[in-house]
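One structure is given below, encoded as structure tokens.
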Amino acid sequence: MNDLSEFFGRRLPAAQAVPELEDGQIAVQRIGQRYQCQRCQQWLAATDRLANGAWYCRQCLQMGRLTSQTKLYTISEPNRFSLPPGKILTWQGQLSAEQQRAATLVKTAVQQGHNQLLWAVTGAGKTEIVYPAMAWALAQRWRVAWVSPRVDVCLELAPRLQQAFRGVSQCLLYGDQSTPYTYSQLTTCTIHQLLRFEHAFDWLVVDEVDAFPLATSPMLQRAISRAEKKTGCHLFLTATPGEQLQRQIRRGQLTTTYLPLRYHGFLLPRIDLRLAWRWRMQLTKQRLPAKLIRQLRDYGCTQQRFLLFVPHVRDLPEIMQALNQAGIQGGASVHAGDPERAAKVQAMRDQQLPFLVTTTILERGVTFPNIAVVILGGDDPVFSTAALVQIAGRAGRSARYPRGEVTCYVQSQTQAVRRAQRMIDRLNRQGKQQGGRWPQ
Amino acid sequence: MICVWCQQQFQPIIDLKALLTWRPLPAPALCATCTTRLTPITGPSCPTCGRRQATTSICYDCERWQAEPLKNHAVFQYDAGMKAYMQQYKFQGDYALRLALQAPLRQALRRQAYDVLVPIPIDQQTWLTRGFNQVTGWLSGQPFQQALTVKHAHKEQPQSAKTREQRLVTPQPFALVPQAADLLRGQRVLLLDDVYTTGRTLRHAAQQIYFGGAKAVTSLTLAR
Ligand SMILES: [Zn+2]
Ligand SMILES: [Zn+2]
Ligand SMILES: [Zn+2]
């Protein structure tokens, strides 16, 4: 007999006919005058046709081409999991009082089957806050997925979940991986991977729910609701909810747990704004603002490691060269399409690099202890309010170094920058009410 | 306008010369960024296989093939960008990407002297799974003759999975179609293929075309 577990809760094309499966469903179907892909639900263009007459979907081509000659097969989720003999939660850490309060609220909501949002500031330790609820869900033999629009978030998360729930079968799924799929109780994956699932999960945790590209992609939003069982529910996690979520919160449409204080009890670092008049002009002459150079040299002298955020990929070579000429050397640059991206981020984590120059890809999901944050060109439209709050949130995250410096160089004030400053101030006011204090 | 490769919106750049010719402007399929991912072969190249190189003398690979000369031209270099293109077009089966190379191929064909254009065929199994012949996909109205077929039960390993040595000893995969002699007799034939790697495939094809009575056979590939 074939191992059919890969079809549990999924919709897959079969390489060969599988006698155990009932007749599949045509993958690209005619509906009215148009054709629709049954995996990603997108409509085909009138030109998306092969020479042999078959229709094919270009939108989800990266996951293997589906055509009007392909069939998709599914087996409804049987929740065939065995529970580990000992404790499900093998995490050794301790939640702070504030985290414990939030964790209890999250667990109560999932026990009641509610859709909910956990709004926790950067560095609040939101992953650990979910652990008690997760342990409860796994004990019910629920199938659970922890998903994020960002692959870096998944890559950082998977080993932590592996440690925290050691006896639970787990798998990690993302675009370029080579390891095969295994049927598991806890799946960590990018949201794209959910396109292969159907009504599989009793509970979905959607991490960084406001991050690109989820916020702007109806295809991915639908993928989430399709991957969830009809009886299932979900938890959204974010530090910076977008307009739409904030509206749902105000209208009381979403059970919301709010945590305005970092796990170590110190307030969020504020954004220190500095003017850098016409820095782009200077950059064409391979120079950076004198103030910035002085600051980075000081970091070099005190062995303070830092992240320098810049607006665009094309800025990276020029800025690296200007830094080099100013004697600020030994770091690396990184961007989304960089083939060595993962290796460089790891080198930074391992304290092998004194600094990274990066685009907004490192705005979230990555944690480096004791890091200073500098933004050059924070008034560029690529830096949204949420991005700036997230970037500032990279600093001061560890309990040993809660005092993080965040400096933002701009040519002019923009609304996004002012809003980010106001949001941090507002969160800090609320944090103070819960006993938050400034680090010394 | 939407780029067929990256699917981003772009503004096509219209040059003055094209505007002044009063002909309908061909819509560009690729945005500026995607265009630069492919490298056209200009300047010196190997006179036998069309590979880009510093001199115009015969390259090392072709030197070893002296016994069966076949003159090939190539349009693009087979570099990382072209590999990415082929990966998406041929192996992922994104037929829409054929549009990206129709215009350069049209120009390249204009520079060739031939009577009959013969594209390299694909076998039945590939036709069923891929759903198109990647070579004829690049043609946009140019007449061609499918004078060759792939022999039955030929398909075993794909070329790309073989070592160079394995490819060089591959048995003849092609046969002539029944009416081939009428199409080929006394003609100058141009073979068309996607990538020139060892030239083995093209030489097999050329051999059959000569059997069919062609006067001369040359070849053009999209990449080398
Ligand atoms: Zn699709
Ligand atoms: Zn493009
Ligand atoms: Zn050569």
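Close contacts from the range B:186-201, counting a first residue that is farther than 11 Å from B:V217 by Cα and a second that is among the aromatic types (F, W, Y), with Cβ to Cβ under 6 Å and a gap of 6+ residues or different chains, come to B:V195/B:Y78. Would you check which residues across the range B:76-111 are within 14 Å of another protein chain (Cβ to nearest Cβ), assigned to a helix (DSSP H, G or I) and touching a helix residue (DSSP H, G or I) at 6+ places or on another chain (Cβ under 8 Å) and list them? Matches in the range B:76-111: B:Y85, B:Q88, B:Y89, B:K90, B:Y95, B:L97, B:R98, B:A100, B:Q102. Scanning the range A:280-294 turns up no residue that is in a strand (DSSP E or B) and crowded, with 18+ Cβ neighbours inside 10 Å. Restricted to strands (runs of 3 or more DSSP E) entirely inside the range A:1-118, those with at least 1 residues that are among the aliphatic types (A, V, I, L, M) and within 14 Å of chain B (Cβ to nearest Cβ) are A:28-31.
A single entry from A:Q100, A:Q41, A:Q33, A:Q16 fulfils the requirement of being surrounded by fewer than 18 Cβ atoms within 10 Å (Cβ to Cβ) and closer than 26 Å to B:I122 by Cβ: A:Q16.
May I ask you to verify whether A:T231 is of a type in the set (S, T, N, Q) and closer than 28 Å to A:P149 by Cβ? For A:T231, the condition - of a type in the set (S, T, N, Q) and closer than 28 Å to A:P149 by Cβ - is met. Tally up the residues in the range A:248-277 that are of a type in the set (K, R) and at pLDDT below 90, please. Total meeting the criteria: 2.
So which of A:Q59, A:Q69 ends up being within 10 Å of ligand 1 (Cβ to nearest atom) and buried (at least 17 other Cβ atoms within 10 Å of the Cβ)?
On inspection, the qualifying residue turns out to be A:Q59.
The values are calculated or read from the model by the stated rules, or taken from the named source; none is laboratory data. Every value quoted in this text rests on a predicted model; they were computed, and no experiment measured them. Heads up, the Cβs are rebuilt from the backbone with ideal geometry, glycines too, and the neighbour counts pull from every protein chain shown.
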